[in-house]
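Novice: Once you've had a glance at the structure underneath, I'll fire off some questions.
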Amino acid sequence: MFEQLGNFIAFQLLGLVSSSQLGAAVQFFIMDVSKIFIMLLIIIYIMGLLRALLTPEKVRAYVRGKPKWLARTLAILLGAVTPFCSCSSVPLFIGFVEAGIPLGVTFSFLIASPMINEVAVVILAGVLGWKLTALYVGAGLFVAYVGGIIMEQFKPEKWVEEYVWKIQMGEMAQIKEDTSLLGRHRHAWGEVKEIVGRIWKWVFIGIAVGAAFHGFVPESWVVANLGGDNWLATPLAVLMGVPLYSSATGVIPIAEAMIGKGVAIGTTLALMMSIAALSLPEMLILRKVIKWPALAIYASVLAVSFTLVGWAFNFIVA
C-alpha cells in the first residue's frame, strides 16, 4: 500500500521518472513518511494505553534497593520499554543518581533507554524484518549491560557534579491516577502528541537522509566502501553517528536505505546505535551531570562497544 502510494505521487502526480535518481529518492521519501508516521501514531497510542501507570517516578522505585545484578537488569528492561530519547533520558539519569541507585546501574539505563524502545522495535520490524530487529535489540541489551559494568570499574562517582549529590530527594506527591478507559485514552493521546511532537522533525530528517542515500549513492560504491570486507567502515559509521542526532525511530529509514544498497549489517547496526545513544546533544547535556573524565570514558566505552558489535555481526553474517 505504502509503496503504491509512493509510486502514484512520485511518478504519476509529480511526473518523475522511476529510473532516475531523483525519482527513486522522492518515491522512497513519500513511501517511508506515510508508512513510518502511520505506524508511529498507532503504536504510540496502543502502548500509551498499556503504559498509563508507568511514570518516571515508578521507574526509579522499581530499581531502587534491588541487588545490583537485578537492578541492572530492571534498569535496562525499563529503559527499553520507556519512550525516552537520549536527551530526555538524562533528567531521569539525574533522578537515579539522586535516589541512590548505583552509578553503574544508572549508566546501563542511560545506554538502553534511547537505543531501544518498543515503538522503534515494532516499526523496525515492519520496515526491515524481525531478523535485523532481533540483532539490533540483542546487541543493544548486551552493550547496555556490559557498558554499565565497565563504567562501574572506573568508580565514576568521583566525577559526578557536586550539585547532584546535594539535591535532597523529597517524597513525591502521591497523585491519584485515573485508570478509567477515558483516563487511559487521555494519557495515550497525550503521549502521542508529546512523543511525535518531540521527534517528528528527526524522523523527517532521517527519512530525507535515507531517501538521498537510496536515490543518489551508487550501489557499486556502497558495496566497495561499506561492505563487510572493509573493516574501517564500521568505526567510521560510529563516528558518523555522533553529530547525527535522532531518535531510534528516526534512524530506521537510514538503516532501510543502507541495507537496501548492500551496506553490511554490522556496519548498519553500529551506525544506528551510535546515532541513538552517542549523539552530541546527549553528550552536552550529560556534561551538566558528570565531569569530562567520566564523559570521555562513557563515550569511549560506547564507541568501542558499537564497533566491536558491528565487526562481530559483519563476521557472522558474511
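The values are calculated or read from the model by the stated rules, or taken from the named source; none is laboratory data. Just so you know, these numbers come straight off a predicted model, no measurement behind them. Don't worry about glycine lacking a Cβ; one is built from the backbone with ideal geometry, like all the others, and counts go over all protein chains shown.
Novice: Please work out which one of (1) over 14 Å from the mean Cα position of the chain (by Cα); (2) under 30 Å from Lys158 (Cβ atoms); (3) touching a residue at least 12 places away in the same chain (Cβ under 8 Å) is the condition Phe315 fails and give its number.
Specialist: (2)
Novice: Just to be sure before I move on: is Gly260 closer than 29 Å to Phe37 by Cα, in a helix (DSSP H, G or I) and over 17 Å from the mean Cα position of the chain (by Cα) in the structure I sent? Before the answer, list the steps.
Specialist: Numbers: closer than 29 Å to Phe37 by Cα: yes; in a helix (DSSP H, G or I): yes; over 17 Å from the mean Cα position of the chain (by Cα): yes.
Criteria met by Gly260.
Novice: Is it the case, given these coordinates, that Ile297 is out of contact with any His (no Cβ under 9 Å at 6 or more places or on another chain) and surrounded by fewer than 24 Cβ atoms within 10 Å (Cβ to Cβ)? Walk me through it before giving the result.
Specialist: On the way: out of contact with any His (no Cβ under 9 Å at 6 or more places or on another chain): yes; surrounded by fewer than 24 Cβ atoms within 10 Å (Cβ to Cβ): yes.
Spelling it out, Ile297 is indeed out of contact with any His (no Cβ under 9 Å at 6 or more places or on another chain) and surrounded by fewer than 24 Cβ atoms within 10 Å (Cβ to Cβ).
Novice: To continue, here is another question. With of a type outside the set (Lys, Arg) and closer than 27 Å to Ile30 by Cα as the only criterion, which of Gly227, Gly183, Gly197 stands out? Lay out the reasoning, then the answer.
Specialist: On the way: Gly227 fails: closer than 27 Å to Ile30 by Cα; Gly183 fails: closer than 27 Å to Ile30 by Cα.
So the residue among Gly227, Gly183, Gly197 that is of a type outside the set (Lys, Arg) and closer than 27 Å to Ile30 by Cα is Gly197.
Novice: Can you tell me which residues in the stretch 296-312 are in contact (Cβ under 8 Å) with a residue 12 or more places away in the chain and over 19 Å from the mean Cα position of the chain (by Cα)? Break it down into steps so the answer makes sense when it comes.
Specialist: Step one: of the stretch 296-312, the residues in contact (Cβ under 8 Å) with a residue 12 or more places away in the chain are 297-299, 301-303, 305-307, 309-312.
Residues satisfying the conditions are Ile297, Trp311, Ala312.
Novice: Still on this structure, please answer the following. Picking from Val317, Val251, Val263, which residue would you name as being within 21 Å of Val121 (Cα to Cα) and surrounded by fewer than 20 Cβ atoms within 10 Å (Cβ to Cβ)? Even if it seems obvious, please write down each step before you answer.
Specialist: Details: Val251 fails: surrounded by fewer than 20 Cβ atoms within 10 Å (Cβ to Cβ); Val263 fails: surrounded by fewer than 20 Cβ atoms within 10 Å (Cβ to Cβ).
Result of the check over Val317, Val251, Val263: Val317.
Novice: Still on this model: I need every pair where a residue in the stretch 55-69 that is outside any helix (DSSP H, G or I) and of a type in the set (D, E, K, R) has its Cβ under 6 Å from the Cβ of a residue that is crowded, with 16+ Cβ neighbours inside 10 Å and modelled with pLDDT of 70 or more, sequence separation at least 6 or different chains.
Specialist: Partner pairs satisfying both residue conditions: Arg64/Ile101.
Novice: Further, regarding this structure: Would you check if Ala10 is over 27 Å from Pro218 (Cβ atoms), at pLDDT 85 or above and surrounded by 21 or more Cβ atoms within 10 Å (Cβ to Cβ)?
Specialist: Numbers: over 27 Å from Pro218 (Cβ atoms): no; at pLDDT 85 or above: yes; surrounded by 21 or more Cβ atoms within 10 Å (Cβ to Cβ): yes.
Against the criterion (over 27 Å from Pro218 (Cβ atoms), at pLDDT 85 or above and surrounded by 21 or more Cβ atoms within 10 Å (Cβ to Cβ)), Ala10 does not qualify.
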